[in-house]
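A.B. asks: The structure that follows is given in the form of C-alpha cells.
The values are calculated or read from the model by the stated rules, or taken from the named source; none is laboratory data. Note that this is a predicted model, so its numbers are computed, not measured. Cβ placement follows ideal geometry from the backbone for every residue including glycine, while neighbour counts extend to all protein chains displayed.
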Amino acid sequence: MNESGEAIAGSSRSYRLDPHSLPVCGEPPAGPCESFYLDEARAVVRHATASGPRITTVPISAYTGVSVRIDPDIDPAQLLIELAHDDKTLNIPLARSEVPEDIADDWQSWARVFSLPLVVEMPDGSVTRYDSDEPETPSVPRRRPHLANQRPQFLARRPVGRSGNVIHVDFREIIART
C-alpha cells in the first residue's frame, strides 16, 4: 500500500487508509470529492467545481458514523467503508475490499478512532446503526457512592468535634520550684 492509499500490485485490496496513522491525505479512486485531509478533529474535503476548487472543513463530530456498504458500481462487488455525513458530497472513502473480514476489522477500528457509531447502509439507501453483540467493558464502580456526603471512613471512627462557644476558664499556672 503506498501513501495515497492505492494498492500495490498483487495486493487483494484496491483501496485502504490506515486508521492508526492519522493525519491522512488522499485522493479517492472514485467519489464526489477530489482530495481530502483527515485528522482526529476534522476533515478537509476538496471538490472540483466549474468555478474552481471548493474546500470545506468539517469537524469529525458532524459526521453521522462510519458506514459500510456494498459498492454495486464495481464488478466483482466490493465492500466500502466511508466516513458518513448527511451531505453525501462530504463522505470520505476509507477502505474498499472484497474480503469481509478485513473490512469488518477496519470498520470497527475507524469507529473507535473517531468515537463514532457503526452504520450499515443497505442497497435501497436506508441506513441503520449497528449494535455489536460484544459486551462493553464494565466501568470500575466507585466505592460507597451512597455515603458520598458522609465523613471519610478513617474519620468515622473518631468522635465528632463540638461546635459553638468554647468556655475558657482562667487558671493559675503552678510552677514547681526546688
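A.B. asks: Scan region 109-123 for residues that are modelled with pLDDT of 85 or more, in contact with a Pro (Cβ under 9 Å, 6 or more places away or on another chain) and surrounded by fewer than 19 Cβ atoms within 10 Å (Cβ to Cβ) and jot them down.
C.D. replies: Scanning region 109-123 gives Ser109, Arg112, Val113.
A.B. asks: For region 23-84, which strands (runs of 3 or more DSSP E) that fit wholly inside it have 1 or more residues that are closer than 18 Å to Ser109 by Cβ?
C.D. replies: 24-26, 35-38, 42-49, 65-71, 78-84
A.B. asks: Collect the residues in region 1-17 that are among the aliphatic types (A, V, I, L, M) and either modelled with pLDDT under 80 or part of a strand (DSSP E or B) (or both), keeping them in residue-number order. Before the answer, list the steps.
C.D. replies: Going through region 1-17, the residues among the aliphatic types (A, V, I, L, M) turn out to be 1, 7-9, 17.
The answer is Met1, Ala7, Ile8, Ala9.
A.B. asks: Considering only residues that are of a type in the set (A, V, I, L, M) and surrounded by fewer than 15 Cβ atoms within 10 Å (Cβ to Cβ), look in region 70-103 and name the one that is farthest from Glu34 (Cα to Cα). Walk me through it before giving the result.
C.D. replies: Here is the first cut: in region 70-103, the ones of a type in the set (A, V, I, L, M) are 70, 74, 77, 79-81, 83-84, 90, 92, 94-95, 99, 103.
Next cut, surrounded by fewer than 15 Cβ atoms within 10 Å (Cβ to Cβ) only: 70, 74, 77, 99.
On the way: Ile70: 21, Ile74: 19, Ala77: 23, Val99: 26 Å.
The extreme case among them is Val99.
A.B. asks: Any chance you could count how many residues in region 18-42 are within 19 Å of Val58 (Cα to Cα), modelled with pLDDT of 70 or more and surrounded by 13 or more Cβ atoms within 10 Å (Cβ to Cβ)? Steps first, please.
C.D. replies: Of all residues in region 18-42, those within 19 Å of Val58 (Cα to Cα) come to 19, 22-28, 31-42.
Next cut, modelled with pLDDT of 70 or more only: 19, 22-28, 33-42.
Cutting the leftovers down to surrounded by 13 or more Cβ atoms within 10 Å (Cβ to Cβ) gives us 19, 22, 24-28, 33-38, 42.
Number of matching residues: 14.
A.B. asks: Could you list, in sequence order, the residues of region 98-112 that are touching a residue at least 40 places away in the same chain (Cβ under 8 Å) and either in a loop (DSSP other than H, G, I, E, B) or more than 28 Å from Ile55 (Cα to Cα) (or both)?
C.D. replies: Glu98, Val99, Asp102 - these are the residues of region 98-112 that are touching a residue at least 40 places away in the same chain (Cβ under 8 Å) and either in a loop (DSSP other than H, G, I, E, B) or more than 28 Å from Ile55 (Cα to Cα) (or both).
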